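*Asks:* Take a look at the following structure, please.
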Amino acid sequence: MQKLTRAVLSERTAEVVDVPSLAAFYYVFDLTGNLELRHPKSVNVWRANIFDPQSKWVFGPVWDFDWAYGYEHTGAFATIDPEFDLLDGKGPQGPGRNFFRHAMRGSQDVCNAYNALAQRFVREGGIDSLCKYIDDYADWIAPAAARDFDRWWQGRPDYTSLAERMKDWLTARATYIAEHPIGYVPTGVRAVSTPTRNEEAPIYTLDGRRLSPTASRPAGVLLQGGRKIVGTRP
C-alpha cells in the first residue's frame, strides 16, 4: 500500500493501477456525489497477485452510499445543486482527497479513460438505464416500504416522489460531469474553469492550494483557468 501511495502521489498512477477499474470506480462516486473517498472510507483496492510486481491494483467494488447524493451537506437526498466538483468542493479534508486528486488528475491516461467513460454514459443510454432501474426498484420495494411505515411510522410509505427527484438529480449530475472533463495538469491539480462574467477563475499553487482572492501571489508558477501564470511577490 505504501508503494501504491507513493506511485500515485508521484503521478505514476497508470504504471501501477488498472486504469479502467479506477475510472469506473471514481465515476460511481462522482456521479452520486459520494464524499466517502475524501476521508477515505468505503474504498476497496486489491491485487490479483500481491507477490507479482507486475500485478496492478484494481479498484472496487463500491458500497456505502448513505452519505451520497448531497446528504452529507443537507441531510436530504438529491436536494443539493448537482453541479459541484467532488474533490474541490465542500466536504471532508482527509488524506483521501489528496490521494484521489493525484490519482485522477496526475495522469493523462487516467484523465482520458475517465472522460471517455463519462461521455459514453451520457451518450449511449447510461442515464436512461439508470432511471429505469430507479423506477423498477421503487416499484419493487413499494409493498415493503408501506409495511415498514405502518410498523414504525418513520421514513415514508411511498418513495415515488424521491425516485423522481433522484432521476432528475442524477441526470443533471451526469450531464454536468460529461460537460466538465477532468483536465490533466501535472502535480494533480485539475484545470479549473475559465472565468465567468461575474467572477475571476480561482488561482491554485502547484501543490493544489487555492489562494484567497485578496492574498498576495507567491513567486513561481501558478494555475488559473487551466493556464499557467507567473506569480511575483509584491
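The values are calculated or read from the model by the stated rules, or taken from the named source; none is laboratory data. Note that the structure is predicted; figures quoted are calculated from it, not measured. Every residue, glycine as well, gets a Cβ built from its backbone with ideal geometry; the counts of neighbours run over all protein chains shown.
*Asks:* Being among the small types (Gly, Ala, Ser) and surrounded by 21 or more Cβ atoms within 10 Å (Cβ to Cβ) is the filter; apply it to the range 70-90 and report the residue that is farthest from Ser161 (Cα to Cα). Lay out the reasoning, then the answer.
*Replies:* Pass one, the range 70-90, residues among the small types (Gly, Ala, Ser): 70, 75-76, 78, 89.
Among the residues that remain, those that are also surrounded by 21 or more Cβ atoms within 10 Å (Cβ to Cβ) are: 70, 78.
On the way: Gly70: 17, Ala78: 11 Å.
Going through the qualifying residues, I end up with Gly70.
*Asks:* For the range 30-44, state whether one or more residues are over 28 Å from Ile127 (Cβ atoms), in contact with a strand residue (DSSP E or B) (Cβ under 8 Å, 6 or more places away or on another chain) and surrounded by fewer than 18 Cβ atoms within 10 Å (Cβ to Cβ).
*Replies:* Initial filter on the range 30-44 (over 28 Å from Ile127 (Cβ atoms)): 39.
Okay, now just the ones that are also in contact with a strand residue (DSSP E or B) (Cβ under 8 Å, 6 or more places away or on another chain), so none.
No, that holds for no residue.
Residue-by-condition table, conditions (1) under 21 Å from Tyr114 (Cα atoms); (2) of a type outside the set (A, V, I, L, M):
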{"residue": "Val16", "(1), (2)": "yes, no"}
{"residue": "Phe25", "(1), (2)": "yes, yes"}
{"residue": "Val28", "(1), (2)": "yes, no"}
{"residue": "Glu36", "(1), (2)": "yes, yes"}
{"residue": "Asn49", "(1), (2)": "no, yes"}
{"residue": "Asp64", "(1), (2)": "no, yes"}
{"residue": "Phe77", "(1), (2)": "no, yes"}
{"residue": "Leu87", "(1), (2)": "yes, no"}
{"residue": "Lys90", "(1), (2)": "no, yes"}
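For every residue, the table says whether it meets (1) surrounded by 16 or more Cβ atoms within 10 Å (Cβ to Cβ); (2) in a helix (DSSP H, G or I); (3) within 18 Å of the chain's Cα centre (by Cα); (4) free of Cβ contacts under 8 Å to residues at least 60 places away in the same chain.
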{"residue": "Tyr114", "(1), (2), (3), (4)": "yes, yes, yes, no"}
{"residue": "Phe121", "(1), (2), (3), (4)": "yes, yes, yes, no"}
{"residue": "Ile134", "(1), (2), (3), (4)": "yes, yes, no, yes"}
{"residue": "Ala142", "(1), (2), (3), (4)": "no, yes, no, yes"}
{"residue": "Asp148", "(1), (2), (3), (4)": "no, yes, no, yes"}
{"residue": "Arg151", "(1), (2), (3), (4)": "no, yes, no, yes"}
{"residue": "Gly155", "(1), (2), (3), (4)": "no, no, no, yes"}
{"residue": "Ile182", "(1), (2), (3), (4)": "yes, no, yes, no"}
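*Asks:* Next up: Taking the range 64-94 as the search range and keeping residues that are over 15 Å from the mean Cα position of the chain (by Cα) and among the small types (Gly, Ala, Ser), which one is modelled with the highest pLDDT?
*Replies:* If we take residues in the range 64-94 being over 15 Å from the mean Cα position of the chain (by Cα) and among the small types (Gly, Ala, Ser), then Ala78 is modelled with the highest pLDDT.
*Asks:* Next question. Please work out if Gly125 is over 22 Å from Thr79 (Cα atoms) and not charged (D, E, K, R). Step through it out loud before you land on a result.
*Replies:* On the way: over 22 Å from Thr79 (Cα atoms): yes; not charged (D, E, K, R): yes.
So Gly125 fits the description; yes.
*Asks:* Restrict the check to the range 47-64 and report whether at least one residue is in a loop (DSSP other than H, G, I, E, B) and crowded, with 19+ Cβ neighbours inside 10 Å. Before the answer, list the steps.
*Replies:* Step one: of the range 47-64, the residues in a loop (DSSP other than H, G, I, E, B) are 48-56, 60-64.
Filter once more, keeping what is crowded, with 19+ Cβ neighbours inside 10 Å: 62.
Yes - at least one qualifying residue is present in the range 47-64.
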